[in-house]
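Accompanying notes for the structure given below.
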Amino acid sequence: MDFELNRKDLHDSRVVLSDPPSPEDGQALLRIESFGLTSNNITYAVFGDAMKYWDFFPASDPGWGKLNVWGYAHVEESLHPGLKQGTRVYGYFPCASHLLVTPDRINEKGFVDAAAHRAQLPSAYQGYRDVDTDPVYSADLEAEHILFFPLFFTSFLIDDFLADEDFFGADTIVISSASSKTAIIAAHLLAKREGIDVVGLTSAGNREFVEGLNVYDSVHLYDEVSQLPGERAVYVDISGDGAVRTDVHARYGDRLAHSAAVGVTHWTQMTQGAGELAGPKPVFFFAPDRIKKRGADWGTAKLDESVAEAWVPFARWASDWLRVERISTQEDIQRVYLELLDGKLDPTAGTVVDL
């Protein structure tokens, strides 16, 4: 089973059924067990061409692309002497039942896929972690791991980046799409920092939920941007809404110290209100670049350890309010995907697909 999207019309999807591929010498076939569906997956689709996300898992037709997801799989068949059948891994997959990989750099932590078509793509998406040795894995937090961890890593890096830059001298961090999982994680981490106020921007329907999380110092609606507090601010743009971005820049002008473009939860509004912006030019925050920097600064072992230390308290906290919906049918996958695409999912919910 492969779930594919029309690259020219993301509302057009299809399920392609075929026999699983057969591995050749040096290859392995992974059987995908479960994965999460969140707004993060929509970001991969929206930026499929611009950021080459479509290139990781080529579809059956060049006009179509596979939805990229994070989850668990096991080695169903291995023709590589270094990779055992049955090994269970966490990593980056297509929304599909199987993935053919070319394992390389195999060690106790896992392996990377050295398939030729992935060679020039960002290394952050190439690794498959053995759950038996992964420091962030816990059997009782599998749902949280699937739904939050890719976003957690991004938010961890945002928090680390802003702190490393001393918040660009700002006293306020404004985060749009405050009910989204990436925003919630970033706010949860930033709330632990001294001398900075974390402000959430959200819709009227999500305000009560966002305020109830108690990770934002204040919460404002999108039509209240003119009332945003702070003498000097940083904008963390997770909505991607052009009109909101313009309003935030206008609110602070030269008092906006930095504008980070992170996500596109409001992807249909990306170009609305676009035009000349007051203050600094937005800078795209690309997590793999930050991973490279911290890997060079700290070493991958310390980076993994730092992430794991921050992850466990967050995951335990999130498990108190997260409502997990489990689905398994092709029809439900298409339904949830369209709800995500149209921004219709409950922020307290998370969808796990079990295949």
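Miscellaneous remarks
- Flag if residue 180 is under 17 Å from residue 287 (Cβ atoms), in contact (Cβ under 8 Å) with a residue 24 or more places away in the chain and among the small types (Gly, Ala, Ser): yes
- The single residue among 87, 38 that is modelled with pLDDT under 95, among the β-branched types (Val, Ile, Thr) and farther than 14 Å from residue 3 by Cβ turns out to be 38.
- Residue 143 being part of a helix (DSSP H, G or I), surrounded by fewer than 23 Cβ atoms within 10 Å (Cβ to Cβ), hydrophobic (A, V, I, L, M, F, W, C) and not assigned by TED's automatic domain parsing to the domain that holds residue 37: yes
- Close contacts from the range 30-44, counting a first residue that is closer than 17 Å to residue 329 by Cα and acidic (Asp, Glu) and a second that is modelled with pLDDT under 90 and buried (at least 24 other Cβ atoms within 10 Å of the Cβ), with Cβ to Cβ under 7 Å and a gap of 6+ residues or different chains, come to none at all.
- Set 305, 309: member being closer than 20 Å to residue 124 by Cα, in contact (Cβ under 8 Å) with a residue 24 or more places away in the chain and either among the charged types (D, E, K, R) or in the same structural domain as residue 67 (by TED's automatic domain parsing) (or both): 305
- Test: residue in the range 6-29 that is outside any strand (DSSP E or B), assigned by TED's automatic domain parsing to the domain that holds residue 108, in contact with a strand residue (DSSP E or B) (Cβ under 9 Å, 6 or more places away or on another chain) and crowded, with 22+ Cβ neighbours inside 10 Å: no
- First in the range 240-254 and closer than 23 Å to residue 169 by Cβ, second anywhere and of a type in the set (Lys, Arg) and at pLDDT 90 or above, Cβ under 9 Å, 6 or more apart: 252/232
- If you go through the range 316-338 and keep only what is within 23 Å of residue 32 (Cα to Cα) and surrounded by 13 or more Cβ atoms within 10 Å (Cβ to Cβ), you end up with 324, 325, 327, 330, 332, 333, 334, 335, 336, 337, 338.
- The lone exception for residue 344 - which of (1) more than 23 Å from residue 211 (Cα to Cα); (2) among the basic types (Lys, Arg); (3) assigned by TED's automatic domain parsing to the domain that holds residue 53 it fails: (1)
- Total residues in the range 103-140, condition within 22 Å of residue 1 (Cα to Cα) and either surrounded by fewer than 18 Cβ atoms within 10 Å (Cβ to Cβ) or not assigned by TED's automatic domain parsing to the domain that holds residue 38 (or both): 1
- Residue that is exposed (fewer than 15 other Cβ atoms within 10 Å of the Cβ), closer than 22 Å to residue 38 by Cβ and of a type outside the set (Phe, Trp, Tyr), where the choices are 347, 313: 313
- In the set (1) modelled with pLDDT under 95; (2) closer than 17 Å to residue 125 by Cα, residue 62 fails one condition alone, (2).
- Total residues in the range 46-66, condition outside any helix (DSSP H, G or I) and under 10 Å from residue 93 (Cβ atoms): 2
- Any hit, the range 59-69, residues being free of Cβ contacts under 8 Å to residues at least 12 places away in the same chain and among the polar types (S, T, N, Q): no
The values are calculated or read from the model by the stated rules, or taken from the named source; none is laboratory data. Everything numeric here is computed off the predicted structure, so don't read it as measured data. Quick reminder, even Gly has a Cβ in these numbers, built from the backbone with ideal geometry, and neighbours come from all protein chains shown.
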